[in-house]
1. Among the residues of the range 163-184, write down those that are in a loop (DSSP other than H, G, I, E, B) and on the phi < 0 side of the Ramachandran plot.
2. Just the residues that are closer than 11 Å to residue 287 by Cβ and surrounded by 19 or more Cβ atoms within 10 Å (Cβ to Cβ), please, taken from the range 251-262.
3. Examine the range 248-256 for a residue that is free of Cβ contacts under 8 Å to residues at least 40 places away in the same chain and in a helix (DSSP H, G or I), and state whether such a residue exists.
4. Yes or no: the range 197-205 includes at least one residue that is part of a loop (DSSP other than H, G, I, E, B), closer than 19 Å to residue 51 by Cα, out of contact with any helix residue (DSSP H, G or I) (no Cβ under 8 Å at 6 or more places or on another chain) and modelled with pLDDT of 95 or more.
5. Regarding the range 121-130, can at least one residue be identified that is buried (at least 20 other Cβ atoms within 10 Å of the Cβ) and over 25 Å from residue 64 (Cβ atoms)?
6. Give me the pairs, please: first residue somewhere in the range 282-294 and under 19 Å from residue 267 (Cβ atoms), second residue anywhere and outside any helix (DSSP H, G or I) and modelled with pLDDT under 95, beta-carbon distance under 9 Å, and either six or more positions apart or on two chains.
7. Can you tell me how many residues in the range 67-97 are within 19 Å of residue 208 (Cα to Cα) and not in a strand (DSSP E or B)?
8. I'd like the full set of residues that are loosely packed, with under 15 Cβ neighbours inside 10 Å and either in a helix (DSSP H, G or I) or in contact with a strand residue (DSSP E or B) (Cβ under 9 Å, 6 or more places away or on another chain) (or both), limited to the range 219-233.
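The values are calculated or read from the model by the stated rules, or taken from the named source; none is laboratory data. Keep in mind the model is a prediction, meaning the values are calculated, not measured. A quick note on method: Cβ atoms are made from the backbone with ideal geometry, for glycine too, and the neighbour counts reach across all protein chains shown.
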């Protein structure tokens, strides 16, 4: 009897701890006039429950291990009574070892967000079908959040989750909504997963791992060594930048890390500051002005 009770308790503990995300969803609809605003309140609640209550993986997460993320949906246009267009901003972070600091792992603004939603409709993800662009986009970013988080803890650890995101892309090829097709633009969801999974971006995956495990996670005890390891990890991105300048995956990385990199290297010795600023300007030219702060400070 005790064995049966133990199995039952273990079963329910796995269920209660299996959700991976602690996601805050906010829906903003100030640009939309003349629409029943209750639909957006219902949508916000439904999306929050969808992201937090869906079991995305087979892994077991304790409540304190859930990945903290924020999603801001800014609706710009009501195409019809139940179809909307806007943007979706996704941010995720992970704790740094032996510190109260949390580092941003994903900070992405997706401007190709269009969907249909009828108030109170159930949101259910089925990996074998594409029936709702709203569900598909949210599921896609759930897997990207989880994939990137895994990449920061183990080398190429995010691959299975990026592949699940890629599966969503493949099933969305006949969708009328934008963001899924290769010919639309080079920074959309199609190219983000294509980049992150192709061999040319392996140095970026390696950088994600070494930047966090060998860099940030040791900086509380060994700040100089941590900074040096982050610089070494970034050097590998030269090859990626040369092969695919400003790729979707590289843009994703620097959108999350550029401000942090300025802070990290602003505390370095003068020679290190110059080397870091030069490297960052080379591999992330879109943020040159930002990296000038590394050498212009005290």
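1. Hits for the range 163-184 are 172, 173, 174, 175, 176, 177, 178, 180, 181, 182, 183, 184.
2. Within the range 251-262, 254, 257, 261, 262 meet the criteria.
3. Checking the range 248-256: at least one residue is free of Cβ contacts under 8 Å to residues at least 40 places away in the same chain and in a helix (DSSP H, G or I).
4. no
5. no
6. 294/268
7. 2
8. Matches in the range 219-233: 223, 224, 225, 232.
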